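Only one structure is covered here, and it is reproduced in the block below.
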Amino acid sequence: HAKSSGRNTHRFFAEAMNVEAVAHLSTRSGLRRALERGEFLVQYQPQVNLDSGLVIGAEALVRWNHPERGMIPPGAFIPIAEDSGLIVPIGEWVLRESCRQAAQWQSAGLSLTVAVNLSARQLQRPDLADTVVAALADSGLDPLFLELELTESMLIENTDIVLANIRKVKALGVQLSIDDFGTGYSNLAYIGQLAVDKLKIDRSFIADLCSNHDSARITAAVIQMAHSLNLTAVAEGVEDHGTLDQLRHLRCDVAQGYLLGRPGSADVVERMARQTSVFPVPAI
Ligand code: C2E
Ligand code: MG
Ligand code: MG
Ligand code: MG
């Protein structure tokens, strides 16, 4: 059953992939209505420690379960939500839902970190830290188990508000990661100054890690840089065994990708987290 529903999700996603096709649904009022009707949901993709093979956390990925169109992927509505500003309440809902889930994992005896994607709009709001404080307080989640994902472009526009927000959430004990690392224009000085915890190497480098020398060299360099700055290196988009082996050989710390687990229900993550190792192949 899980397999066939996975395939269906995939099919609906493929149909909904075209932003144009759902643009008429993703108006400000359409997204507002979807939020009020509870049509958004969060799926969780496991993140695996490459030394131990243990699940250490999960990335929260929002979907829109539209009553007629089925599952709509974030790429088809997040950009529109960003333009209209609706990303702020949607992002807050994802944050609250993710904190609630992570707190539930904690109560079940599982120390799993939940990683939540932030939009530039959210990072530019003077009340971001208040929103995070409220989500943590209402869920009872220990801030150490919340991670916020930013992108390089969000740090380039380093206004006073953005810098203050980053300082405030860090002061709470929340972890920070740089998503899609290597695709934007990084100000490397900021990576150190902002007390970032993790670099998530973009999927485009991981996808051809085993076949493209440039991708392999860039990945190796980012892992080395992360380690010399005392940061955790995370690989996103691991789809095959060869790539997993190569990342372990390069001493990458954490991996995420379809090979290890597709985004899915919190229950699946919980089940995986109870396993002694999730590696599909024995350690090298
Ligand atoms: P992202 O944060 O870089 O998330 C990773 C994306 O890669 C996810 O796509 C995930 O399903 C996909 N992925 C993971 N492993 C693999 C793999 O092995 N192969 C391939 N081909 N893809 C893989 P998804 O869920 O469609 O999300 C796309 C983007 O939408 C995310 O990219 C993120 O930028 C954005 N997004 C998702 N949820 C939220 C949210 O709650 N708030 C905001 N602001 N953005 C979100
Ligand atoms: Mg992300
Ligand atoms: Mg990413
Ligand atoms: Mg990416």
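Taken together, the values in this text are just the output of simple stated rules run on the coordinates, not laboratory data. Just so it is clear, the structure is predicted and the values come from calculations on it, not from any experiment. Glycine also receives a Cβ, built like all others from the backbone with ideal geometry; neighbour counts cover every protein chain displayed.
Each label was represented as a point 7 Å from its Cα along the Cα-to-Cβ direction; for Ser211 and Ile161 these points are 4.4 nm apart.
Modelled spin-label separation between Ser265 and Arg203, with each label point placed 7 Å from Cα along the Cα-to-Cβ direction: 2.3 nm.
One equal scatterer on each Cα of segment 45-106, no solvent, Debye formula: the resulting log10 I(q)/I(0) at q = 0.12 Å⁻¹ is -0.42. Cα-based values for segment 106-176, radius of gyration first and Dmax second, are 12.5, 40 Å. Label-to-label distance for Asp127 and Arg251 is 4.6 nm, based on points extended 7 Å past Cα in the beta-carbon direction. Zone of Trp93 (label point 7 Å along Cα→Cβ, backbone N under 17 Å): which residues in segment 132-159? Backbone N within reach: 135.
Within segment 158-263, the percentage of alpha carbon pairs spaced more than 21 angstrom apart rounds to 36%.
Taking a point 7 Å from the Cα of Arg28 along the Cα-to-Cβ direction, the residues of segment 77-91 with backbone N closer than 15 Å to it are 80-90. Note on the chain: Cα Rg divided by 2.2 N^0.38 Å, N the number of residues, gives 0.98. Distance from a point 7 Å along Cα→Cβ of Leu41 to each backbone N in segment 93-137: keep the residues under 15 Å and list them by number. Only 98 fall inside the zone, counting backbone N under 15 Å.
For segment 222-270, the equivalent ellipsoid derived from the alpha-carbon gyration tensor has semi-axes of 23, 14, 7 Å in decreasing order.
Every helix of 4 or more DSSP H residues in the chain counts as -39500 (n - 2.57), and over all residues that averages to -14000 deg cm²/dmol at 222 nm.
Taking the charge dipole of segment 165-284 about its Cα centre, with +1 at Lys and Arg Cβ atoms and -1 at Asp and Glu Cβ atoms, the residue from Gly257, Leu247, Tyr190 reaching farthest to the positive side is Tyr190. Can you figure out the FRET efficiency of Arg274 with Ala137, using R₀ = 22 Å and their beta-carbon distance, to the nearest 0.05? It comes out at approximately 0.20. Given axes a ≥ b ≥ c from the Cα gyration tensor, I'd like to know whether segment 135-216 is rounded (a/c under 1.5), prolate (a/b larger than b/c) or oblate. Oblate. Answer with one residue from Trp93, Ile80, Val222: the one whose Cα lies farthest towards the positive end of the charge dipole of the chain, charges on Cβ with Lys, Arg +1 and Asp, Glu -1. Of the options given, the answer is Trp93. Put in order of Cβ neighbour count within 10 Å, fewest first, the listed residues Val234, Val133 become Val133, Val234.
For segment 45-174, a/c is not less than 1.5, where a ≥ b ≥ c are the root eigenvalues of the C-alpha gyration tensor, and a/b does not top b/c. That puts it in the oblate class.
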